[in-house]
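J.: The structure that follows is given in the form of structure tokens.
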Amino acid sequence: MFNDIPGPVHKRMKYLEELDARHRKQEMDGFKRLRQIPPQTGRFIALLCAAAPEGACLEIGTSGGYSGMWLSLACRATGKRLTTFEVADAKIEIATETFKAAGLDDIVKIVPGDAREHIGDHADIGFCFLDAEKDAYDECYELVVPNLVKGGILVADNVISHEKILRPWVEKILTDERVDALVVPIGSGELVVRKT
């Protein structure tokens, strides 16, 4: 999966990494930077996605499609498809371009709008990556977990970088008897949840 990343995927990843670095402090088409995950987090979620049980693969918060490319590598390796949700039109435009340029638009479906309005359409979720507005985390979690298959995995980004905001939520998840969970100090901090 990582030793044979297709050239178009690698090229688009580099492009988005450079674009994100250039625009960290600038307004860009109505949003502040792409706020994408670092490459090591991409590898981490791709490994977890590839190891997840059979079921739908979801991403909440597409941004420019960077994390979606990592997840798509796992989907391609396991014969799955990725459904990703995004609310910002400017980011949907970049992500659409990303998946087309990377040759991944055949396995990725972008759903415009608030994921909370669409998650109920997806039963039997095997993997979900949550990287959206932090005030939506709890509601997204409560919509996804009942639909996770046994052993299904949910990963939430930014739980260390946004610790002040997310600490009460993380503490709630760590005691949720429906799941096993831990915080992994990679990138901005990943909460990894496995349905028991």
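J.: Multiply the residue gap between I165 and V184 by 0.36 nm, knock off their C-alpha separation, and tell me the result in nm, one decimal place.
T.: Between I165 and V184, full extension yields 5.1 nm more.
J.: Work out the length of the dipole vector of the chain about its Cα centre, built from +1 on the beta-carbon of each Lys and Arg and -1 on the beta-carbon of each Asp and Glu, and round it to the nearest 20 debye.
T.: That gives a dipole near 600 debye.
J.: Could you work out how much longer the chain between D106 and E54 gets when fully extended? Use 0.36 nm per residue separation minus the Cα distance between them, nm to one decimal.
T.: Numbers: separation 52, 0.36 × 52 = 18.72 nm, distance 1.93 nm.
16.8 nm is the gain from fully extending D106 to E54.
J.: Right, something else. Can you tell me what share of the DSSP beta bridges in the chain is antiparallel? A percent to the nearest 5 is fine.
T.: In the chain, approximately 40 percent of DSSP beta bridges are antiparallel ones.
J.: Which residues' amide hydrogens lie under 5 Å from the amide hydrogen of G152, considering only partners 5 or more residues apart or on another chain, with H built in the peptide plane?
T.: K195
J.: Could you list which residues have their amide H under 5 Å from that of I186, counting only those 5 or more apart in sequence or on another chain, with H placed in the peptide plane?
T.: The list, which skips near neighbours in sequence, is empty: none.
J.: Multiply the residue gap between F2 and D89 by 0.36 nm, knock off their C-alpha separation, and tell me the result in nm, one decimal place. Provide the component values of the computation, followed by the final result.
T.: Details: separation 87, 0.36 × 87 = 31.32 nm, distance 3.04 nm.
The F2-D89 span can extend by a further 28.3 nm.
J.: Summing -39500 (n - 2.57) over the DSSP H runs of n ≥ 4 in the chain and dividing by its residue number, what mean residue ellipticity at 222 nm do you reach, to the nearest 500 deg cm²/dmol?
T.: When only DSSP H runs of four or more count, the value is -12000 deg cm²/dmol.
J.: Rg to Rh ratio, segment 53-156, alpha-carbon atoms and Kirkwood radius?
T.: 0.94
J.: With unit charges on the beta carbon (Lys/Arg positive, Asp/Glu negative), name the residue among P112, V159, A50 whose Cα is farthest towards the positive pole of the charge dipole of the chain.
T.: A50
J.: Please compute one quarter of the surface area of the Cα convex hull for the chain and express it in square nanometres.
T.: Dividing the Cα hull surface by four gives the mean projection, 9.9 nm².
J.: Give the long-range amide H neighbours of I125: residues separated by 5 or more places, or on another chain, with amide H under 5 Å away, using H modelled in the peptide plane at 1.01 Å from N.
T.: Sorted by chain and number, the residues that satisfy this are A56, L148, V149.
J.: Can I ask one more? Among Y15, Y66, Y141, which comes first, then next, by fewest other beta-carbon atoms within 10 Å? Before the final figure, lay out each step's value.
T.: Details: Y15 16, Y66 26, Y141 21.
Listed from fewest to most nearby Cβ atoms, that is Y15, Y141, Y66.
Rule-based calculations on the coordinates, nothing more; no lab input. Treat the numbers as computed from the prediction; the structure is a model and nothing was measured. We place every Cβ from the backbone using ideal geometry, glycine too, and count neighbours over all the protein chains shown.
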